[in-house]
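Novice: This is the structure I want to talk about, given as structure tokens.
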Amino acid sequence: MNAHIHHCWQRYCLPLGANLNLDADGYLPDPECPFGRHYNPELRSLETLRPVPLLILLGEPGAGKSTLMHDEADALAAAGQTVHLLRLNEYSSTDLVPAMLDSQSVLDGRQGTQRLYLFLDGLDECLLIIPNAARLLLRALRELPRDRLSLRLSCRTAEWPSGLEDELDALWPRVAAQNEGQADHRHQAAANEARGVAGTYELVPLCRRNVEDAARDYRIDPAAFLQQVHDLEIATFASLPNTLRMLLKIQMQNHRLPTTKQEIFREGCRLLADELSRSRLQASFRGRLSTDQRLAIAGRVAAMLLLGSKQSVWLGQALEVAADDLSPTEILGENERAGRLLFRVDDQALKEVLNTALFTARGHQRLGFGHQSWAEYLAADYLAERVADSERLLALLHGGDDQRIPSRLSELTAWLASLSPTLFDILAETEPALLLRGDLGALDAQRKARLLDQLLQAFQRNEVNLWDRETRPHFRKLAHAGLGERLQPWLTSRSLPEDVRAAALQIAFACKADELAELAADLALDEDEAPRIRYAAAKLAAERGDAKVLARLRSLAIGPSATNQELRSLLLTRLWPDHIDTRELFDGFSRDGDWQCLGPYRYSPGKLVDRFDPTDLVVALDWLQASARSAFDSDDDDLANALIDRAWLCLDDPAICQAFAPVAWACLKRYDKLFTRRSGTADGAHPFAADSAKRRRLALAILPLVNEPAEQVMPLVYAENPLLLPEDLPWLLDQYEASADGQQRTRLAACIRAVFSPNADNEWTNRLFEAACRDAPRVLSPLADAVADSIEPIWSGTEAERDARTEHARQLEVKQRIAQCRRRLDPPPAERVQNALDDHARGDTRIWMLLWQGLSLLDDARGYRLSPATPILKMPGWQRANAVQREMILGSAQSWVTAISLSELEIGLPDGQFSYSHIATHLALALLGHERPGWLGSATEERWSVWLPAILSYPFERSAPARSILLRMASEQFPEQVLAAIGTQLDQELAAEHRHFASLDDLQSVWSPPAAALVHACLQRLTDPQRRMAFLQVLLSRQDVAAVRLALSEFTAAVDAGEAGSGRSLELAQMLMEQAPSQSWPLLWAKSEQDPAYGDALWSKLAYRRGWLAALQESQLGDLYLWLEERFPAAADPPRPSMQVYSPTNRDEVAGLRDGCVGQLSAAATVQSVAVLQRLCDRFPGQNWLVESLLSARSALRDRNWCPIRPSMLLQFLERTDARLVRNGAELSDAVLASLARLQKLLG
């Protein structure tokens, strides 16, 4: 029944060669989620690619190409489009072309005016039957009206004929795509791509939502299925349609997936290596290799890629193979085996394997494994079958003097250990953390217990890091019978390091060790234990303990003895509602801040609120009201938003409505938003607009809280999302007439007055006035008072008449202004631009003055708002222009700058004024500098003599890249004139005693020895220290040796001046370390050591910008860390709450500088940096983060020193049991010693 299930998936494809980003598990980040599309912005669906005339869809076998093509064809046909779909494998060479040209849908498309969508599915299968199918298709396509033809062609990636895309692309005319009506960003992107006619895309894996939908189609619980997939680390199979179906069928038959990852990978890779196309099987195109042979060759390729440090298999010309590509000739050879069968790997066999679903495109003419984990498993299986000796396997994995496994081979090694028990036993002694990544499902309890002990012992010796993100997720694999008994000594012994005990608790938590819950509660309640141990123990006890254990933990969350904030934060929500009630829960929130105390609900408080019953919700609303939250808190507080949303949902409950009213009123009084954007309905409507009954119920509950109706009802009407709307007037009047409470009537009358408009419906207005007249005889008539201004007469000739006429005139004027503002330009901006271009075509060389202003207009512009700082390339008119129009715009700019004279520029107008001709000229030059640099570069000196003043005196965007480009172009032609002009401008700035010298930026654009000499000359003339700094900064940024000497001497003089020069010395020190750190370090370090107080000020100053750390040597970084740790110890760093915003102080910055030294050492990953980090770890034992940095540096150094194995060397090693690898001096030494040992044995 399930064999023919059609899953309604939304599939996506990616331009061939583009980078694909998957999530941590291996699924496609859902493009429909708020942030999913940002992971892969180039993703497209076939629907959004409809504007592309020629679409080539590639993918590995079984990826779902044919299904997607058929679904898209059906969707287009249902939308009324003319569609013709051919399964190419169903035709021979004689009937293929007639099937394309003679079908009724194609004939209709040729004769009509509608676009024809032609789907050609399975070119790879067609090529097996018709070798010249590509030629036949090209011939047939030439007979179709290609201006109205959209072709969709699918093929396996490995069999896509090279060069066919270019031939197809040449058939289509180049037409600008017109899709102004498509607002969706993907549609617009596809429309832009359509300008290039052809688009080659590859189908990408499934996203998590697709897997959930498929599980539902098979009547399998999606959450349980995905959890099994996650635990087995097999998302790479779940993300492909065919292997996903395999997993779902196994789940249906056995009600669960296999317990070991090996079984899944074995079956999954066999399925991927097998032929997946039914049509190929029916046509007897199975290939000549068995599945075992294909897997053997795939394993051979995988081993060569991983051990040879290669990225992909190159399919192009042999002379063009890159260093990180594996050439097919390196793969070919004799003596390959599958079981007992020996066979030869030739070109045909390799092509057959590369055409399986195991491989996918890696860019042009390159193929690689569909996922790295497949390559790692296949390589491990291949090597384990061919190398029985564990020591020889280790020889393949080791590299360099460090006999540890490089991190790049860690997954391969983990697979090998899973397949080779003897290798596992060896690595358990040396690489226990690495083994955690492997498949531990098949291990017995004894081996797991041994691995657990080795892991904790290695952690205690600082040989492994158990806190990194790659290791902690694997702790759960250590679960086995007797785990609690094995861990108990590690948990209770206070002689062990705190980190080791905390790691043991983390392992117990991950393995769900229920038997340790009592012991964990004891540790959590023990006040003599370290806070970190108490927290981890409380977490374990709360998660795995029974009701008795949880009851013991109550004192840590509530009551006078609950003094530890971290424990309260952890336990409050875990103990509710069975061991603490809702009021106690929110009392705890008030004590510590709700965000910190939400525990597992920290990032999803709505899930906690959903568990509240009405009584709980009333308590929560009372707490929310009493907490007196600010506008910022309410807007940024997910708990408050969740409570408000839930209260609105349950507003029919009178108690909840009564409790919610003060919360809502407090928010409305501040004119704040009561609901966030996430609170809207499915169609985007605000909750107030979506449910008028609730809105009015809430208004009635709020009104008794209004003390001064005349003034305080305004927030109900004028908030951004008002509670009372004009449509409520009849309802308000009904409430007024029905109320006997005088105060309530006063509030309702105030609401009516605030909402009422003189322009209201006449029938309603008459009803209101009639009600007011009926109410007027009363002693107290708030309604009559409210409408009195609207119904009382205005006597002619009085002040009231003049005021009314003045107000009426003012209102008319406002209406006229509004109407003017709403009136769009006529003609519209696009037409204005085209008119200007037409004028230029007719010979008007001065039209640029109007053209650039038209280019600045938005499509809906209502007037000109010129922005001289906006370059033409960013103006709306340029963005919407097609290729022809852009060429005409460039021509107009070129004509303008050719004709403009220096006098017309009107440079140097008084009072900072500027001329439009000056702006027009600079914008034109900037545009041409980007689009036609060759033309500008060939301009005459006479032209540049006009342009150069326009560039240098332009007052806007002086640091814009366009200015630098233009100055460099001018300097390449006329360097002396440009330098003289900048020098003149610099003299003017010096004479005006400026503090900022814009001309220095211009000098740096045309930097040369004469420019440096000019800066030095200016520096000699200056005596003001602050002005000198600007010139020194420029010279130091250019690594000017003389400037470095001068700055160092001035620094020394400032330091010697004592207190008077301290400020200047620190500024000079900062400039020196940023621009010349290597030359400056010895002097600054010596000053710090001589005067520690000055050193405090110096490094505090330098802590804000720390880029200079990268220039220090390893020993210097170590010395600086030791000095800073002594003067600014980590133990005295200001405590900062995690995941909360705070304003960093100078002390925070110094701590960042101190820790940055270690980060720099770890990133350097050199022998020297490792030695320095080891020295720091020895100096400061127990600092786990230092150990992490040391281990990270060692791992990176190990990777750097690892020597790849050439494919030929690998094959020789596998074929000869006596072969040894010699890649470096250490391996050569081992080989010589082994040979001497054998010789000595032979000699007796």
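Novice: At least 2 residues that are exposed (fewer than 12 other Cβ atoms within 10 Å of the Cβ) in each: list the helices (runs of 4 or more DSSP H) lying fully within the range 794-863 that qualify.
Specialist: 799-822
Novice: Could you figure out which of (1) part of a loop (DSSP other than H, G, I, E, B); (2) surrounded by fewer than 16 Cβ atoms within 10 Å (Cβ to Cβ) isn't true of GLN446?
Specialist: The one condition GLN446 does not meet is (1).
Novice: Determine if the range 747-764 includes at least one residue that is modelled with pLDDT under 80 and more than 56 Å from the chain's Cα centre (by Cα).
Specialist: Checked the range 747-764: at least one residue is modelled with pLDDT under 80 and more than 56 Å from the chain's Cα centre (by Cα).
Novice: For the range 342-425, please list each of the helices (runs of 4 or more DSSP H) lying entirely inside it that holds at least 3 residues being over 29 Å from ASN1224 (Cα atoms), touching a residue at least 60 places away in the same chain (Cβ under 8 Å) and not polar (S, T, N, Q).
Specialist: Qualifying helices (runs of 4 or more DSSP H): 347-354.
Novice: Is it the case that some residue within the range 1200-1210 is buried (at least 19 other Cβ atoms within 10 Å of the Cβ), hydrophobic (A, V, I, L, M, F, W, C) and either more than 26 Å from ALA302 (Cβ to Cβ) or touching a strand residue (DSSP E or B) at 6+ places or on another chain (Cβ under 9 Å) (or both)?
Specialist: No, the range 1200-1210 contains no residue that is buried (at least 19 other Cβ atoms within 10 Å of the Cβ), hydrophobic (A, V, I, L, M, F, W, C) and either more than 26 Å from ALA302 (Cβ to Cβ) or touching a strand residue (DSSP E or B) at 6+ places or on another chain (Cβ under 9 Å) (or both).
Novice: Residues of the range 15-29 being outside any loop (DSSP other than H, G, I, E, B) and either out of contact with any strand residue (DSSP E or B) (no Cβ under 8 Å at 6 or more places or on another chain) or crowded, with 19+ Cβ neighbours inside 10 Å (or both), which ones?
Specialist: LEU28
Novice: Is it true that some residue in the range 960-973 is touching a residue at least 40 places away in the same chain (Cβ under 8 Å) and either assigned to a loop (DSSP other than H, G, I, E, B) or touching a Lys or Arg at 6+ places or on another chain (Cβ under 6 Å) (or both)?
Specialist: yes
Novice: Restricting attention to the range 1075-1101, report how many residues are more than 40 Å from the chain's Cα centre (by Cα) and charged (D, E, K, R).
Specialist: The qualifying residues number 3.
Novice: Then there's this: Do we have any residue at all in the range 753-771 that's β-branched (Val, Ile, Thr) and not assigned by TED's automatic domain parsing to the domain that holds LEU858?
Specialist: Within the range 753-771 (the criterion being β-branched (Val, Ile, Thr) and not assigned by TED's automatic domain parsing to the domain that holds LEU858), the answer is yes, since at least one residue qualifies.
Novice: Anything in the range 138-166 that is among the small types (Gly, Ala, Ser) and part of a strand (DSSP E or B)? List them, or say none.
Specialist: SER150, SER154, listed by residue number.
Novice: Within the range 1044-1067, is even one residue surrounded by fewer than 16 Cβ atoms within 10 Å (Cβ to Cβ), closer than 30 Å to GLN1168 by Cα and not hydroxyl-bearing (Ser, Thr, Tyr)?
Specialist: Yes; the residues of the range 1044-1067 include at least one that is surrounded by fewer than 16 Cβ atoms within 10 Å (Cβ to Cβ), closer than 30 Å to GLN1168 by Cα and not hydroxyl-bearing (Ser, Thr, Tyr).
Novice: What is the residue count in the range 1163-1180 for residues that are farther than 19 Å from GLU1125 by Cβ and either loosely packed, with under 14 Cβ neighbours inside 10 Å or among the hydroxyl-bearing types (Ser, Thr, Tyr) (or both)?
Specialist: Looking only at that region, the number is 2.
Novice: Residue by residue through the range 604-635, note down the ones that are at pLDDT 75 or above and assigned to a loop (DSSP other than H, G, I, E, B).
Specialist: Answer for the range 604-635, where residues must be at pLDDT 75 or above and assigned to a loop (DSSP other than H, G, I, E, B): SER604, ASP610, ARG611, PHE612, ASP613, SER627.
Novice: Please go through the range 30-65 and pick out each residue that is of a type in the set (S, T, N, Q) and buried (at least 19 other Cβ atoms within 10 Å of the Cβ).
Specialist: ASN40, THR48
Novice: Ok, one more. Answer yes or no as to whether LEU1102 is of a type outside the set (Phe, Trp, Tyr), touching a Phe, Trp or Tyr at 6+ places or on another chain (Cβ under 8 Å) and farther than 20 Å from ALA1171 by Cβ.
Specialist: yes
Novice: Of the residues that make up the range 800-815, is at least one of a type in the set (S, T, N, Q), outside the structural domain of VAL717 (by TED's automatic domain parsing) and at pLDDT 85 or above?
Specialist: Within the range 800-815 (the criterion being of a type in the set (S, T, N, Q), outside the structural domain of VAL717 (by TED's automatic domain parsing) and at pLDDT 85 or above), the answer is yes, since at least one residue qualifies.
Yes/no per residue for (1) aromatic (Phe, Trp, Tyr); (2) assigned by TED's automatic domain parsing to the domain that holds LEU866; (3) closer than 25 Å to HIS840 by Cα:
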| site | (1), (2), (3) |
| --- | --- |
| GLN885 | no, yes, yes |
| ALA899 | no, yes, yes |
| TRP944 | yes, yes, yes |
| PRO949 | no, yes, no |
| GLY983 | no, no, no |
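Novice: For ARG1223, indicate whether it is among the charged types (D, E, K, R) and under 29 Å from ALA502 (Cα atoms).
Specialist: no
Novice: Sticking with this structure for a sec: Which of (1) among the small types (Gly, Ala, Ser); (2) modelled with pLDDT under 85; (3) in a loop (DSSP other than H, G, I, E, B) is the odd one out, the single condition GLY109 does not satisfy?
Specialist: With (1) among the small types (Gly, Ala, Ser); (2) modelled with pLDDT under 85; (3) in a loop (DSSP other than H, G, I, E, B) applied to GLY109, the lone miss is (3).
Novice: Still on this structure, please answer the following. Filter the range 467-526 for residues that are more than 14 Å from ASP453 (Cα to Cα), surrounded by 17 or more Cβ atoms within 10 Å (Cβ to Cβ) and of a type in the set (A, V, I, L, M) and give the result.
Specialist: ALA502, ALA510, ALA513, LEU516, ALA517, LEU519, ALA520, ALA521, LEU523, ALA524, LEU525
Novice: Oh, and also: Can you tell me which residues in the range 12-44 are among the hydroxyl-bearing types (Ser, Thr, Tyr) and within 13 Å of the chain's Cα centre (by Cα)?
Specialist: TYR39 - this is the single residue of the range 12-44 that is among the hydroxyl-bearing types (Ser, Thr, Tyr) and within 13 Å of the chain's Cα centre (by Cα).
Results for (1) modelled with pLDDT of 90 or more; (2) under 25 Å from ASP325 (Cα atoms); (3) small (Gly, Ala, Ser); (4) in a helix (DSSP H, G or I), shown as yes or no for each residue.
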{"position": "ALA1163", "(1), (2), (3), (4)": "yes, no, yes, yes"}
{"position": "SER1189", "(1), (2), (3), (4)": "yes, no, yes, yes"}
{"position": "CYS1203", "(1), (2), (3), (4)": "no, yes, no, no"}
{"position": "ASP1218", "(1), (2), (3), (4)": "no, no, no, no"}
{"position": "ARG1223", "(1), (2), (3), (4)": "no, yes, no, no"}
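Novice: Can I ask one more? For the range 553-579, name all the residues that are modelled with pLDDT under 90, in a loop (DSSP other than H, G, I, E, B) and among the hydrophobic types (A, V, I, L, M, F, W, C).
Specialist: ILE558, ALA562
The values are calculated or read from the model by the stated rules, or taken from the named source; none is laboratory data. None of the values given here were measured: they were computed from a predicted structure. With ideal geometry, Cβ positions are generated from the backbone for all residues, glycine too; neighbour counts draw on all protein chains shown.
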